[in-house]
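A.B. asks: One structure is given below, represented as structure tokens, and several questions about it will come after.
No value in this document is a laboratory result; all are computed from the given coordinates. Every value quoted in this text rests on a predicted model; they were computed, and no experiment measured them. When we count neighbours, we look across all protein chains shown, and the Cβ atoms used for this are built from the backbone with ideal geometry, even at glycine.
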Amino acid sequence: MSGQSRETILNTIRKALSENAVPMPFPESEKVHDFFAKTELSLEEKFAEEFTKLGGKFVYCSDEADMIQQLEALADTMKWNTIHTRDQFLLNLFKENNIEFIQPAGDMHDLEVGLSLCECLIARTGSAIMSSGQDYGRSLPVYSPIHITIAFTNQLVWDISNAVSLLKEKYNNQLPSMMSLTTGPSRTADIEKTLVVGVHGPKEVYIFLIDKHWKK
């Protein structure tokens with residue numbers, strides 16, 4: 001299909017949609033923002049509570065140095081010889097601190113432990129948002145059996161609507177082609193209604209939250 005033909009078809013569809021728009025059944029709902037019960041917990045506390053309920057492992061860090069120290073201790077305890085990442089910020093950070101077990105991610109088939117940043121964290125559901133606009137693209141958070149996310153406190157938002165607004169601002173209203181909402185370890189009960197963890201993604205997920213504002 002030529003570019004001109006494609007544009008003609010799209011214009012026809014746009015025109016039809018504008019002329020036959022279906023009215024919103026409950027327009028007043030757009031004006032209501034407080035859909036969910038209030039909580040006295042901070043965003044950090046609410047996220048940690050929801051995330052751990054889902055089987056995630058939450059680690060609070062006072063700063064980058066504390067994060068590095070706690071990650072080293074975890075790797076030593078779990079006998080992880082290598083952790084892979086594609087985030088240039090993280091590669092530079094660990095290189096500056098002479099941390100050699102953090103390595104660039106190459107062949108995803110041999111990946112055991114993956115490390116990445118995220119777009120933001122959603123406190124209400126204990127979720128992390130990843131996108132194809134980040135250095136690791138679409139693959140690393142899905143391929144690694146164990147995935148560790150590094151996040152900062154200014155990346156915490158209350159709900160997904162706040163997250164979308166944050167991403168629109170970051171990407172100047174040109175959202176990435178893929179955004180995924182990750183809520184705890186991968187799990188499914190499709191087979192005989194038996195819950196299985198780690199089928200479609202990581203079986204273990206960690207969030208290291210650094211108490212610091214960050215801007216890449």
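A.B. asks: Net charge around Leu93, counting only other residues with Cβ within less than 11 Å of its Cβ (Lys, Arg = +1; Asp, Glu = -1)?
C.D. replies: Working: positive: Lys95; negative: Glu64, Asp87, Glu96.
Result for the local shell: -2.
A.B. asks: For each of Ile102, Ile150, count neighbouring Cβ atoms within 10 Å of the residue's Cβ, then give the residues from fewest to most. The partial results should precede the final answer.
C.D. replies: Values: Ile102 21, Ile150 25.
Listing Ile102, Ile150 from fewest to most nearby Cβ atoms yields Ile102, Ile150.
A.B. asks: Right, another one. So what are the ³J(HN,Hα) numbers for segment 70-78, from phi and the Karplus equation (6.51, -1.76, 1.60; θ = phi - 60°), rounded to whole Hz, Gly and Pro as x?
C.D. replies: Result, rounded to whole Hz: 6, 5, 4, 5, 5, 4, 5, 5, 8.
A.B. asks: A 22 angstrom limit on the alpha carbon distance is what I want to check against. Which of Lys57/Lys203; Lys79/Lys212; Lys57/Lys79 exceed it? Before the final figure, lay out each step's value.
C.D. replies: On the way: Lys57/Lys203 11 Å; Lys79/Lys212 29 Å; Lys57/Lys79 17 Å.
Result: Lys79/Lys212 exceed 22 Å.
A.B. asks: Would you mind getting me the FRET efficiency between Thr39 and Asn81? Use the beta-carbon distance for r and R0 = 35 Å, nearest 0.05. It would help to have the intermediate numbers written out before the result.
C.D. replies: Working: r = 41 Å, r/R0 = 1.16.
E(calc), rounded to 0.05, equals 0.30.
A.B. asks: Which GluC sites (Glu not before Pro) does segment 46-130 hold that lie in a coil by DSSP with at most 16 other beta carbons within 10 Å?
C.D. replies: In loop regions of segment 46-130 (DSSP not H, G, I, E or B), the sparsely surrounded GluC sites (Glu not before Pro) are Glu100, Glu112.
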